[in-house]
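Take a look at the structure below.
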Amino acid sequence: MAKIMNDKKKKVLIVDDEVKIVEAVAAYLENSGYTAITAYDGENALLQVEKMNPDLVVLDLMLPQISGEEVCKAIRKISRIPIIMLTAKIDEDDKINGFNIGADDYVTKPFSPRELMARINSLLRRSDEGASPLFDKMSWNDNDLEVDLDLYTVKKSGEIVNLTPNEFKLLCAMIKYPKKIFTREELIEVAFGANYDGFDRTIDSHIKNLRSKIEDDTTNPRYIVTVRGVGYKFGITN
C-alpha cells in the first residue's frame, strides 16, 4: 500500500491564444512551485479540465474554437474550481458579466505576473477549505438522496443519514466532479487534502461504509460506482 505524500503541487491551467503570455505565466508558476498546464484554445481547455483536473484556471476571454465565456460556463456546470479571467477589456459591464457566469476574479491585460500570482495564491488558499459542490442543496432520484451543504446533512428516503466527516468529504468530492473517474489517490487529494496521512486503500473502507448508508443495494450501487481497474465515480448527474 502506497502512502500518500504531502508534497502535491497545485495544478494551474493557463488558457490563452497568445503563446508568449502562456509561456511567461507557465514559467512564473513553475518557479513558484506550481504545475503549469497549458491550452491555446477553448476546446483544448475543456479537454485539459477533464483530463488533468486542475486546481485553478487562468482563462482568456478571447479564444479560438470556443470563447472564454463559453469555457467558463461549461466548467461551472461540473465544478467550482477557481477561475481567473484574463481580458483586454476594461468595461465594467464585461466584468460584471464575467462574474455572473462564474468567474472568481478578473485581471486586465497587460498585467504584472506578481499581481497574477498574488490572486492565484489568494484563490487557492480559499479553495483549500474543502471540496464544494456546485449547489448548497442537491437531490437525486426524486429526493431519494439529498445533500445539504449549509446544514452538513445527508438524507436517504427522507431520513437523516449519519455520515462520518470523512464519508461526507468523500461524497462532496465526488458530486463536485460528477463526470470524473477518481483514482484512490485523487480522491484523497480532493477530499482530504495534501496533508492527509493515511493510505490509499483506506478509501475502499470509507466507500464501503458510505455505500451501506446511501445505497439501496450495495452490490449494485447507483451513486458511488466502481470503475474497474481505475477507481470510483459519482454515478448520477443532475
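Since every read-out is calculated from the coordinates, none of them should be taken as a lab result. Keep in mind it's a predicted model, so treat the numbers as computed, not measured. As a convention, Cβ positions derive from the backbone with ideal geometry for all residues, glycine included, and neighbour counts pool all protein chains shown.
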Which residue fluctuates the most in the chain, going by a Gaussian network model with Cα springs under 10 Å, if the choices are D142, D60, D17?
-> D142
Computed over the range 149-238, the convex hull of the Cα set has an average projected area, in nm², of 6.0
Placing each pseudo-label 7 Å from Cα in the direction of the beta carbon, I160 and I66 end up separated by a distance in nanometres of 4.1
Dimensions in Å of the chain - Rg and Dmax from alpha carbons = 18.9, 56
Given the options I224, I181, I66, state which has the largest fluctuation in a GNM of the chain using a 10 Å cut-off (strictly under) for Cα springs.
-> I66
Kirkwood radius from Cα pairs of the range 1-78 plugged into Stokes-Einstein at 10 °C, 1.306 mPa s, gives D in µm²/s equal to 122
Cut-off 13 Å, label 7 Å out along Cα→Cβ of D142, residues of the range 208-238 by amide N = none
Using 0.36 nm per residue of separation minus the Cα-Cα distance, give me the extension gain between V19 and S112 in nm, one decimal.
-> 31.8 nm
Can you tell me the FRET efficiency between T226 and F99 if r is taken as the Cβ-Cβ distance and R0 is 35 Å, rounded to the nearest 0.05?
-> 0.35
